[in-house]
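Here the structure comes first, spelled out in structure tokens, and everything after it is commentary.
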Amino acid sequence: MSSRLSAGTQHAMNIDLITNFSLVLVATVCTLLLIRNTPDISREYRASWLNVSFGMFCALVGLTLNLSRDFPGLSFLYVLGPTELNLVLKTLCYLLAMVLVFNGVRQWYPLILSAQRDGQYKARLYRKLVEEANSVFLRWEVNGKILSINRFGEKLFGYTKEELAGKSVLGTITKEKDQKTADVAKLVAGIRCNPDAYRHLENEYIARDGHRIWIAWRNAYIDAGQDGKPELLSIGVDMTERKRVENALYALASSIGYAQGKKDMLRNTMRHLAQAYASKYAFYAVYADEKKESMRILALWDGETFLSDMVYSLAGTPCQDVLDEKLEIIEQGLGELYPEDNLLRKLGVESYFGTCLKDSNGNVIGVIAVMDVQPMRLLEWSQTILHVFAVRISGELERRNNEENIYRLAHYDVLTGLPNRLLFHDRLEQVIAHAARNNQYVALLFLDLDRFKHVNDSIGHAGGDVLLSEVASRLKSCVRESDTVARTGGDEFIVLLSDFGTEKQMLQATSELSERLVETIARPFYIDSMEFYVSVSIGITVYPQDGNNIDYLVRNADIAMYQAKDKGRNRYEFYHARMNEIAEKRSRMESELRTAVFRNQLKLHFQPVIDVPGGEVMWFEALLRWQHPRLGLVMPDEFMGLAEETGLIVPIGEWVIEQVCRQLQDWQQQGVAINALALNLSMRQLERVGLLAALDKTAADHDVDPSQIILELTESMLMQDPERTVSLLKVLSERGYKLAMDDFGTGYSSFGQLSYVDVDSLKIDRSFVMQLEKEGSSACIVPAIIGMAREMDIRVIAEGVETSAQVEFLLQQGCNHMQGFYFGFPMDARECEQYIQTSKHAWQNGGTAL
């Protein structure tokens, strides 16, 4: 039995040994852990930590002393020996450990409670900030499932947090793109491994109601989330407004900088401007009248289409107040403020934002505005955008207007608005190329107005410009839209006809159009309450028969036009090859005529004017001749028209005046009884300001009295600018020069008009004299002219007398002064001297000079 007691005792001792050893080990570990975390202890917890650490150390000492009792090998730990004192020491360690641990916990507990309260406060504050923030706070799991979203996110996306919870973040919000292409695992791994690359992401999303929103995300990976599991936090800022404005501004800049034309630029600008402000309407308008009482809308975007060229009155409209700088923004209630604005009422506009458009000089030229059917809320920075773009648009429009003006000045006639020579040549080149590819025909009509100079001389160049503008309008009214009417200079126009499949079709259409043009231009023009008539001569060339390039076609049309003029004007002529010879002859004659004066090729012949009853020579008429080195003696009918057209008549006329005065001086010095000479004046000479001074100087230089010079004028000259002409003729008459009206009866003058001019002589045109021997009106007209002239005390001279019968008739009617081949051919100065010295001429002996 003692052996069984000994075994039980031994077993109990073993249990106590194991227990004590385990307690010592635990106390040792706890003490080491407390000592190891020393750097992590904050200052407010350090006193508590020291108490707990020393308490654990005391507990370790007591447990070690208690362990030595069971291990004889640890008897060296008996500080006071194996007595009751050792038990007392062990007990004191336990008591001290309990006191120190308790004191440490007592100090630690309030701090823990304070930290708990701070944590709870911070958690509430965080939740408040998250819920009230103007940003999206989205928590989601690593598998892409949404955990929660704040109120701003609910409002922005249109979903409640309960509807979003548990759904995929990529499949619920971004349906159209990310659901098909995004990989959640890759996205999460990217955020975790390289968070900087995912800190700022801007993406477009689809809200529940279908509208698109832009959000800038800042993403973070949280290793231990609310439930200790890893999760992701995405904080998003709504960038929709800024993104829409950025896109609109970019589109605006693109539309301004790269639009093809001004109209396209305005339309694109208005559309993008409406998008930038999320408004339904945007428009651009300028003043429509000089009084600035109305506006013309050049471009209005109504959300779907464009409207333009609308004119409306400014009175009672917000545009008027914007232009007067009284207001810019009306956020709501626009219709109540402007009840008289019918346009706003028709469009249902509720809000308005506009600003002035100014040119580079600061002058207000119009207004640009956005309008909406809903109230409008505009931030200050968004208001600035409209001002910036108003300046940009004004500058761009001014630049484009300047470019258009430069182009128009370079390619269009300023007076008529028709294409000029440069643009016409470009179109003709294109038409010829098109006709060559399609085997078609092209017709070119060269038009020149007849008697246009008469209009300029009558009412001045301003009146001539009015007539040219009216001519341009009439020409455009006669042609098709596909045809081109151009003004190439002065009173010259060109009409280009194309797209003719056959020559017959072309010839028929061209002839019909030419006849219509001649008839249209022949109708009277009314300028300054006066009626004027002009006609047109037309030359026509055809591609490809008359030329294969622009120069040949235009030159040949010009040649054909001159042929129409030579054939009586007011008609049209088709070009044919023989005309080249005529044109070359004309060009060569013009060149040779320019040098004829300097080469002494011009000469004067003289024809006597006879007082038939007395048999005396009254005077000689000086007649111009051209002694051409190749053609011989050229009559004035062959070159005087050319001289008039080219202006060579002026130096030739001066030469004639000089030669007449010199010849009179020579005859006076020789004692030849020729006391007067007649010379013809042209309209060009009458138009010259220095004509009177030139006559006086030349006569004085040669000691010739003005009464010895007879100036012959035609009826048409009296009709062109009659006020100035009559005034000049009166001055010439007062100076002593004699005036004779040549070719009377062929023009438009009357005896009433002659009463205003001191005319000494009236010369009946040869066309009437030649018809005297035939039954007709001339036998009645000539006696009437003679009788009226006698009543007005004007000498009458019959021109072109060639037969004795004509002489007898004229003498019977009381016309005693005659001129013609019957009395003598034109002769040079020496022959004149012989003629004047002859006592009796052939016509006095019953014969004739013929």
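Structure above, values below:
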{"read-out": "Counted residues, the range 617-637 - those being open to solvent by 60 Å² or more (accessible area, probe 1.4 Å), touching a residue at least 24 places away in the same chain (Cβ under 8 Å) and not polar (S, T, N, Q)", "value": "1"}
{"read-out": "Of all residues making up the range 505-547, the number that are among the hydrophobic types (A, V, I, L, M, F, W, C), more than 14 Å from Asp448 (Cβ to Cβ) and in a helix (DSSP H, G or I)", "value": "5"}
{"read-out": "Positions within the range 287-297 being in contact (Cβ under 8 Å) with a residue 60 or more places away in the chain and closer than 14 Å to Pro318 by Cα, in sequence order", "value": "Met295"}
{"read-out": "Top-ranked residue in the range 122-156 [being of a type in the set (Phe, Trp, Tyr) and at pLDDT 75 or above; ranked as surrounded by the fewest Cβ atoms within 10 Å (Cβ to Cβ)]", "value": "Phe152"}
{"read-out": "Residue list for the range 649-690, restricted to those being under 13 Å from Ile709 (Cβ atoms) and in contact with a Phe, Trp or Tyr (Cβ under 9 Å, 6 or more places away or on another chain)", "value": "Gln663, Ile674, Asn675, Ala676, Leu677, Ala678"}
{"read-out": "Members of the range 501-547 that are touching a residue at least 60 places away in the same chain (Cβ under 8 Å), under 35 Å from the mean Cα position of the chain (by Cα) and open to solvent by 20 Å² or more (accessible area, probe 1.4 Å)", "value": "Asp528, Tyr543"}
{"read-out": "Leading residue by the ranking (farthest from Glu503 (Cα to Cα)) among those in the range 418-432 that are open to solvent by less than 40 Å² (accessible area, probe 1.4 Å) and either modelled with pLDDT under 90 or in a helix (DSSP H, G or I) (or both)", "value": "Leu423"}
{"read-out": "Some residue of the range 598-616 being assigned to a helix (DSSP H, G or I), open to solvent by 20 Å² or more (accessible area, probe 1.4 Å) and touching a residue at least 60 places away in the same chain (Cβ under 8 Å)", "value": "no"}
{"read-out": "Residue list for the range 284-323, filter: aromatic (Phe, Trp, Tyr) and under 19 Å from the mean Cα position of the chain (by Cα)", "value": "Tyr284, Tyr287"}
{"read-out": "Out of Ala678, Ala673, sole residue that is part of a loop (DSSP other than H, G, I, E, B), of a type in the set (A, V, I, L, M) and either touching a Ser or Thr at 6+ places or on another chain (Cβ under 8 Å) or closer than 21 Å to Ala829 by Cα (or both)", "value": "Ala673"}
{"read-out": "Count - residues of the range 551-568 that are buried (at least 24 other Cβ atoms within 10 Å of the Cβ) and not in a helix (DSSP H, G or I)", "value": "0"}
{"read-out": "Top-ranked residue in the range 792-805 [being open to solvent by less than 10 Å² (accessible area, probe 1.4 Å) and touching a strand residue (DSSP E or B) at 6+ places or on another chain (Cβ under 7 Å); ranked as nearest to Trp667 (Cα to Cα)]", "value": "Ile797"}
{"read-out": "Residues satisfying the stated conditions in the range 464-488, i.e. touching a helix residue (DSSP H, G or I) at 6+ places or on another chain (Cβ under 6 Å) and not hydroxyl-bearing (Ser, Thr, Tyr)", "value": "Gly464, Leu467, Arg474, Cys478, Val485, Ala486"}
{"read-out": "Which numbered condition His702 fails, given (1) under 28 Å from Asn816 (Cα atoms); (2) modelled with pLDDT of 90 or more", "value": "(1)"}
{"read-out": "Hits in the range 806-830 - residues which are in contact with a strand residue (DSSP E or B) (Cβ under 9 Å, 6 or more places away or on another chain) and either of a type in the set (Gly, Ala, Ser) or free of Cβ contacts under 8 Å to residues at least 12 places away in the same chain (or both)", "value": "Gly814, Gly820, Gly824, Ala829"}
{"read-out": "Members of the range 758-771 that are open to solvent by 10 Å² or more (accessible area, probe 1.4 Å) and either touching a strand residue (DSSP E or B) at 6+ places or on another chain (Cβ under 7 Å) or of a type in the set (Asp, Glu) (or both)", "value": "Asp758, Val759, Asp760, Asp765"}
{"read-out": "Residue that is touching a helix residue (DSSP H, G or I) at 6+ places or on another chain (Cβ under 9 Å), open to solvent by 70 Å² or more (accessible area, probe 1.4 Å) and in contact (Cβ under 8 Å) with a residue 40 or more places away in the chain, where the choices are Arg688, Arg594", "value": "Arg594"}
{"read-out": "Long-range neighbours under 6 Å by Cβ, at least six apart or interchain, first residue more than 14 Å from Leu695 (Cα to Cα) and in contact (Cβ under 8 Å) with a residue 40 or more places away in the chain within the range 638-657, second among the β-branched types (Val, Ile, Thr) and open to solvent by less than 10 Å² (accessible area, probe 1.4 Å)", "value": "Ala643/Ile649; Ala643/Ile652"}
{"read-out": "Identity of the residue in the range 641-675, surrounded by fewer than 18 Cβ atoms within 10 Å (Cβ to Cβ) and of a type in the set (A, V, I, L, M), that ends up farthest from Ala700 (Cα to Cα)", "value": "Leu642"}
{"read-out": "Some residue of the range 474-487 being at pLDDT below 90 and either part of a strand (DSSP E or B) or touching a strand residue (DSSP E or B) at 6+ places or on another chain (Cβ under 7 Å) (or both)", "value": "yes"}
{"read-out": "Matching residues in the range 631-658 - criterion: being closer than 15 Å to Ser587 by Cβ and either among the charged types (D, E, K, R) or in contact with a helix residue (DSSP H, G or I) (Cβ under 7 Å, 6 or more places away or on another chain) (or both)", "value": "Glu638, Phe639, Leu642, Ala643, Glu645, Thr646, Leu648"}
{"read-out": "Residue among Asp118, Asp196 that alone is modelled with pLDDT under 75, assigned to a helix (DSSP H, G or I) and either within 15 Å of Ile235 (Cβ to Cβ) or among the acidic types (Asp, Glu) (or both)", "value": "Asp196"}
{"read-out": "Of all residues in the range 157-181 being at pLDDT 80 or above and touching a helix residue (DSSP H, G or I) at 6+ places or on another chain (Cβ under 9 Å), the one that is farthest from Met239 (Cα to Cα)", "value": "Glu163"}
{"read-out": "Residue within the range 441-459 that is within 27 Å of Pro544 (Cα to Cα) and in a helix (DSSP H, G or I) present", "value": "no"}
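Okay, residues lined up against (1) at pLDDT below 75; (2) touching a strand residue (DSSP E or B) at 6+ places or on another chain (Cβ under 6 Å); (3) not in a helix (DSSP H, G or I):
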position: Glu204; (1), (2), (3): yes, yes, yes
position: Leu233; (1), (2), (3): no, yes, yes
position: Ala248; (1), (2), (3): yes, no, no
position: Met265; (1), (2), (3): yes, no, no
position: Thr269; (1), (2), (3): no, no, no
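Yes/no matrix, rows are residues, columns are (1) in contact with a helix residue (DSSP H, G or I) (Cβ under 9 Å, 6 or more places away or on another chain); (2) over 24 Å from Pro375 (Cβ atoms); (3) among the hydrophobic types (A, V, I, L, M, F, W, C):
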{"site": "Ala278", "(1), (2), (3)": "yes, no, yes"}
{"site": "Phe283", "(1), (2), (3)": "yes, no, yes"}
{"site": "Ala288", "(1), (2), (3)": "no, yes, yes"}
{"site": "Asp302", "(1), (2), (3)": "yes, no, no"}
{"site": "Thr305", "(1), (2), (3)": "no, yes, no"}
{"site": "Val311", "(1), (2), (3)": "no, yes, yes"}
{"site": "Leu314", "(1), (2), (3)": "yes, yes, yes"}
{"site": "Cys319", "(1), (2), (3)": "no, no, yes"}
{"site": "Val322", "(1), (2), (3)": "no, no, yes"}
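The values are calculated or read from the model by the stated rules, or taken from the named source; none is laboratory data. None of the values given here were measured: they were computed from a predicted structure. Positions of Cβ are backbone-derived with ideal geometry, glycine not excepted, and every protein chain shown enters the neighbour counts. Areas reflect the complete protein model, heavy atoms only, side chains present, ligands, DNA and RNA absent. Shrake-Rupley method; radii C 1.70, N 1.55, O 1.52, S 1.80 Å.
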